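The values are calculated or read from the model by the stated rules, or taken from the named source; none is laboratory data. What you are looking at is a predicted structure, and each value in this text was computed from that prediction instead of being measured. We place every Cβ from the backbone using ideal geometry, glycine too, and count neighbours over all the protein chains shown. Heads up: the accessible areas ignore ligands, DNA and RNA and are worked out on the full protein's heavy atoms, side chains in. Shrake-Rupley method; radii C 1.70, N 1.55, O 1.52, S 1.80 Å.
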Amino acid sequence: MTFTQVTTTCPYCSTGCSLNLVIQDGKVIGTAPYYRSPVNEGRICPKGTYCHQFIQNPDRLKKPLIRKGDIFYEADWDAALDLISRRFAAYQPDEMAVLTSARCSNEDNYLAMKFARGVLKTRHIDHCARICHAATMVGLFLAFGCSAMTNSIPDIGESDCIFCLGSNTLEQHPLIGRQIIKARARGARLIYADPRFTPTAVQSDLFIQFYSGSDVLLLNSIMGEIIRNGWEDNSFISERTAKYESVRKVVLQKRYEPEIAGPLCGVTPEIIRTTAEWIGNAERCTVLYAMGITQQTAGVDNVRSIANLMMLTGNMGRPGTGVNALRGQNNVQGACDVGCLPNFFPGYGKVSDGAAHRTLARQWGFPNGICEPREGYDINTLFERLKGNSPEIKAMYLIGENPVVSEPDPAAVKEGLSNLEFLVVQDIFFTETCQHADVVLPAACWAEKEGTQTNTERRVQRIRKAIPPPGDAKPDTEIICALAAKMGFAEQFTYTDTRDIFNELCTVIPQYRGMTWDRVSKPEGICWPCPEPNHPGTPILYTDRFSHPDGKGVFYPVDWKEPSDLPDKKYPLRLTTGRLIWHWQSGTMTRRCKNLTDEVNEGYLEMNPTDAESLKVRSGDLIKVSFRRGSLLCKARVVRDIKKGTTFMPFHFIERATGNLPEDSPDSLPRMSEYKVAAISIEKIQDAEP
Ligand SMILES: Nc1nc2c(c(=O)[nH]1)N[C@H]1C(S)=C(S)[C@@H](COP(=O)(O)OP(=O)(O)OC[C@H]3O[C@@H](n4cnc5c(=O)[nH]c(N)nc54)[C@H](O)[C@@H]3O)O[C@H]1N2
Ligand SMILES: Nc1nc2c(c(=O)[nH]1)N[C@H]1C(S)=C(S)[C@@H](COP(=O)(O)OP(=O)(O)OC[C@H]3O[C@@H](n4cnc5c(=O)[nH]c(N)nc54)[C@H](O)[C@@H]3O)O[C@H]1N2
Ligand code: SF4
Ligand SMILES: [Mo]
C-alpha cells in the first residue's frame, strides 16, 4: 500500500495552518501534520483534521448546469460558456455585478477582478469582506493608514497582556488560540470580553461578561481610568500620534466613569478598574478582535476605540503588541489585497484616483479600456438595487459565496436574485444560492488546484494540487480565462500556469512586488509588505511610522451610541449570532464531513437559565423566535454560559437560518450588517421529546 503526501494550507479559517493531505489510489484519505510552518507547528483543529471529507463527497458539482424553466440540464463547457458570453455581452457595464470569494485563491480572485473591471468593465465588484471586516477596513485605515492585522500569529505568544474582545479565538481561530495559551504559560494575562462564557473565556484571567453592543462604553471607561491614573504613554502619544486631546476629553466625561459605565455594560466598576490597571501597566499588550466588534451598527466606532486604546498605551509597532483584527475566511485578506472591492484596486489604490486607474489600465492593456474610475456598489447596496420591478442590476456572476444563507435578510436576497435577468453561480456544491441561477459552473476545490492564499497576518502561502477535480469541474482560474477568451479577450487572459498569474498580480500589488512563487512556496511563506526581491517581508507593521503620509497614527473621539435594535416590551431579549468550532459558515462543506456533523448538525438557540425559567422553557423544547422582520422555529438550549437577557444562535444551518436580523447599519460608511445585536421574543411551542 503506497501513500503520498501533499503539503497545503487549510481551506477554512484565516489562521492559515499548513497540513499534509494523504493520498492513496488517487483519493485523499486523510490529513497528517506538517511541522515546519511557524503558524501552527504541526497542530490543527477538528475542521482542519477532517478537511478532506468534503472533497470527494458525491454531491460535488461535476458538470455545468443550464436552467430551462424550473429544471437544470447538464451541459458541456462550450455550450455553457457560449451562453454566458452572449448574455453578458448584451448588458451595459453598470447593469452587471461580480461577487468573488474569500474561499478562493489569490489567483482566482485576481482574475475574477480583472474579468469584472477589464472584460465586463463594471465597477460593481465586492465579496463577503463587506459583511465581515468592512468596519475594520474603514476604522483602521482612518487610524493607521492601513487596515491589516498589525502583528504576526507567533508574535501573539510574546505578549504580556492579551485583551481579546468580540473574538471567540479558541473556537474560531483555534491555532491562534494556541498562542494565547503559550503566552499564558509564560505568565501573560488574558482579559476576555464577551456576553458568553465561551471556551476562550475558560482561559481568561479576567472575564468581562458584558451586554452586546456596549463595547465603546467599556473601552472609553477603560481609557478614562488609564488617563486618570497616569498610565498613558506620553512619549508615544507626542512622537507618533495626532489629535490625542480630543479623545482625552471624551473619555474623561462623567458618563464613562466606572461607577456609571460599569452597570450600563452589565459589569462591576472593579472589573473596569482592573482591566485598566492590567492594560495600563503591561510592558506588551495586544488586542485580538473579530466579529463581536465589527458586526454592529457601531462597528467603525468600536474599531477606532480599540485603535485609541492601543495608541494611548503605546502598544503599537513592537513585538507582543498591536491591533490584531483577526480575519475570517482563509483568503479574505487576499481577496481584498487583489482588489475585489468596489472602492479599491489591487494593493488598495483608490478606484476614484485617476492616476491609479490609468496605471492599472496601462498594465493590463485592454484595447477598449477598463471600468470607469468611480466606486461601484458594495454587496449590500447591490441587493438593495435588485429590489422592485425594474432593478438597476440585471446580470450577476457570483463566485464562491452563498448569500441566501449568509446575508442578514434571506427573503430580500432571494427576491433580489430572482429579479436578475441572468445569474451565473460558480461553486463546488449546488448551494441554496445555485437554486436561483440560470447557469451553474462546477469549480475545482482547494485540494484540486495550485495557488496562493493570504492569511490573517498577511502571510502569503501556497495551496497545492493533491488530486484532479471531479467530472468536468475546473479550477476557477481556468473557467474565468475560458470565459474571457469567449468574450474576445484571450490575449489578456493567456497564462502558462498558476505561477504566471501570481507573477502578474505581484507586479500590480505594490505590497507583493518582492514576492516570487518560489519564495512563497517555502514553509514560512512571506508576510506583506514585501516591496523588493530581497526584502524579508514584514511580520510587524508600524515599527517606526504609521502608513499615513505624515507617519502619524490618528486618534479619533468616539462617543457611545446604543445599538439600533434594542430590546423593548414586545422583543425583550437580545440575540447575537455566530459560530461553532465544528462548522463553517453556511455549512456547504462542514455539513458534508461526518466527524463534524456527528458533533452538531442542527441549529438551536442558547439562553440563560433565568430567562428560560421565566418563559417556562427547558433544554430541547421547540420554541418560536420572533424578530421584528420575521420568525423561525428551533430547539432551546439552556446554558449557564450566556448572560441573562442575551441569547445566541449559530448561523451554519439553513433550516434554522438566523436571517431577519436588523438591516445593514444606518452608519453609511462601511455598510456592515448588524449580526450581533437584534431584539427578539421567544414563545414555547412544544415540550422536548422525552
Ligand atoms: N469554526 C469556525 N471558525 C470560523 C468561522 C466559522 O464559520 N466556523 N468563520 C470564520 C469567519 S468568516 C470569521 S469572520 C471569524 C469570526 O470569528 P469570531 O468573531 O470569533 O466569531 P463569532 O462567533 O461570529 O463572534 C465572536 C464572539 O463575539 C461575541 N459577541 C457577540 N456580541 C458581542 C458584542 O456586542 N461585543 C463583543 N465584544 N462581543 C460580542 C459572541 O458571543 C462571540 O463569542 O471566524 C472564522 N472562523
Ligand atoms: N447570522 C449571521 N450571518 C453571518 C455572519 C454571522 O456572524 N451571523 N457572519 C458573516 C461573515 S463574517 C461572513 S465572512 C459571511 C460568509 O458568507 P459566505 O461567503 O456566503 O459563506 P460560505 O458558506 O463560506 O460560502 C462560500 C461558498 O464558496 C463555495 N466554495 C468553496 N470553495 C470554493 C472554490 O474553490 N471555488 C468556488 N467557486 N466556490 C467555492 C462554498 O461551497 C460556499 O458555497 O457570512 C456572514 N453571515
Ligand atoms: S485553526 Fe483554522 S486554519 Fe488552522 S486547522 Fe483550524 S480551521 Fe484550519
Ligand atoms: Mo467572516
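Some notes on this structure:
- Using the Karplus relation 6.51 cos²θ - 1.76 cosθ + 1.60 with θ = phi - 60°, the per-residue 3J(HN,Hα) values for region 507-520 come to 7, 9, 10, x, 5, 9, 4, x, 8, 10, 4, 5, 5, 6 Hz, with x marking Gly and Pro.
- Residues whose amide H falls under 5 Å from that of Thr31, counting only those 5 or more places apart or on a different chain, are Val22, with hydrogens built in the peptide plane.
- For Arg362 and Asn234, the difference between the fully extended length at 0.36 nm per residue and the C-alpha to C-alpha distance is 41.4 nm.
- Per-peptide packing, taken as the mean over residues of other Cβ atoms within 10 Å, places 25-35, 237-247, 326-336 in the sequence 326-336, 237-247, 25-35 from highest down.
- Per residue, the accessible area of the chain comes to 35 Å², computed with a 1.4 Å probe over protein heavy atoms only.
- Element breakdown for region 571-619 at a 1.4 angstrom probe: carbon and sulfur atoms account for 45% of the accessible area.
- The share of accessible area on region 4-54 that comes from carbon and sulfur is 50 percent, using a 1.4 angstrom probe.
- Environment charge of Pro373, counting only residues whose C-beta is closer than 14 Å and scoring Lys/Arg +1, Asp/Glu -1: +3
- Dimensionless Rg/Rh of region 150-325 - Kirkwood Rh, Rg from C-alpha atoms: 0.93
- Each listed q (0.13 Å⁻¹) maps to a log10 I(q)/I(0) for region 93-243, found by the Debye formula over equal Cα scatterers with no solvent: -0.84.
- Debye equation applied to the C-alpha atoms of the chain, log10 I(q)/I(0) at 0.06, 0.08 Å⁻¹: -0.32, -0.58
- Rounded to the nearest 500, the helix-only mean residue ellipticity at 222 nm of the chain stands at -8000 deg cm²/dmol, with each DSSP H run of n ≥ 4 adding -39,500 (n - 2.57).
- By average C-beta atoms within 10 angstrom, highest first, the peptides 96-108, 382-394: 96-108, 382-394
- Radius 14 Å from Cβ of Lys616, net charge of other residues (Lys, Arg +1; Asp, Glu -1): -2
- Residue-wise HN-Hα coupling along region 59-68, computed from phi with Karplus coefficients 6.51, -1.76, 1.60 (Hz; x: Gly, Pro): 6, 3, 5, 10, 9, x, 10, 10, 7, 10
- Euclidean distance of C-alpha centroids, region 188-253 and region 521-572, integer Å: 17
- Sorted on the mean count of surrounding Cβ atoms within 10 Å across their residues, most packed first, peptides 41-51, 422-432 read 422-432, 41-51.
- Modelled FRET efficiency - R0 60 Å, Lys254 with Lys522, Cβ distances, 0.05 increments: 0.60
- Translational diffusion of region 4-54, µm² s⁻¹ [Kirkwood Rh, Cα pairs; Stokes-Einstein; 25 °C; 0.890 mPa s]: 227
- Along principal axes, Cα extents of region 422-480, largest first, whole Å: 37, 26, 19
- On full extension, the segment bounded by Phe3 and Lys243 gains 80.3 nm, given 0.36 nm per residue less the C-alpha separation.
- Averaging the Cα positions of each part gives two centres, and for region 460-488 and region 91-145 these lie 19 Å apart.
- Count Lys and Arg as plus one, Asp and Glu as minus one, and take only other residues whose Cβ is under 13 Å from that of Ala437; the net charge is then -2.
- Here the gap between Arg36 and Asn595, fully extended at 0.36 nm per residue and compared with their Cα-Cα distance, gives a gain of 198.6 nm.
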